Amino acid sequence: MRKGIGIAAVALLLAACESGFSQEDIEQAKKSIRAEFEKRPEVKVVEVALIKESSNKLTGYARMTVKGFKQEITKNCSATMGEDRRYIWRCD
């Protein structure tokens, strides 16, 4: 009985310490990208898409419209997870 409890405790601990992007992290990164671009009043973000390339890296894009431009602009984006569940994203 004790062995089973010990195994369950270790499994829970490992799950809690799991590194990499969770679905919640991905959604937060998408919101952060959208909010950063939309700080400019002439920019309207149409879509932000990010997928896991690996447990610690996301890749995708942000599509937006800008007043004065007829076509949508697409920027390639990526995010990398570091220590303490902190990540850095960038769009080129």
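The values are calculated or read from the model by the stated rules, or taken from the named source; none is laboratory data. Predicted model, so just to flag it, every value in this text is computed and none were measured. We place every Cβ from the backbone using ideal geometry, glycine too, and count neighbours over all the protein chains shown.
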| task | Scan region 50-65 residue by residue and report those that are closer than 18 Å to K39 by Cβ and of a type in the set (A, V, I, L, M, F, W, C). | result | A62, M64
| Filtered residues of region 31-48 (kept if surrounded by 13 or more Cβ atoms within 10 Å (Cβ to Cβ) and closer than 15 Å to W89 by Cα) | S32, I33, R34, E36, F37, V48
| task | State all residues of region 56-78 that are more than 11 Å from the chain's Cα centre (by Cα) and either closer than 15 Å to Q23 by Cα or assigned to a loop (DSSP other than H, G, I, E, B) (or both); if no residue qualifies, say none. | result | K67, G68, F69, K70, Q71, E72
| task | Evaluate region 66-80: report whether one residue or more is in contact (Cβ under 8 Å) with a residue 60 or more places away in the chain, over 18 Å from A35 (Cα atoms) and surrounded by 15 or more Cβ atoms within 10 Å (Cβ to Cβ). | result | no
| task | Report the residue count in region 38-55 for those that are over 19 Å from R86 (Cβ atoms) and within 15 Å of the chain's Cα centre (by Cα). | result | 4
| remark: Filtering region 27-55 down to residues that are in contact with a strand residue (DSSP E or B) (Cβ under 7 Å, 6 or more places away or on another chain) and assigned to a strand (DSSP E or B) yields V43, K44, V45, V46, E47, V48, A49, L50, I51, K52, E53
| note | So, first residue under 16 Å from D84 (Cβ atoms) and surrounded by 10 or more Cβ atoms within 10 Å (Cβ to Cβ) in region 9-30, second residue among the aliphatic types (A, V, I, L, M) and at pLDDT 50 or above, Cβ within less than 7 Å, six or more apart or across chains; the pairs are S19/M81; G20/M81; F21/L58; F21/M81; A29/L50; A29/L58; A29/A79
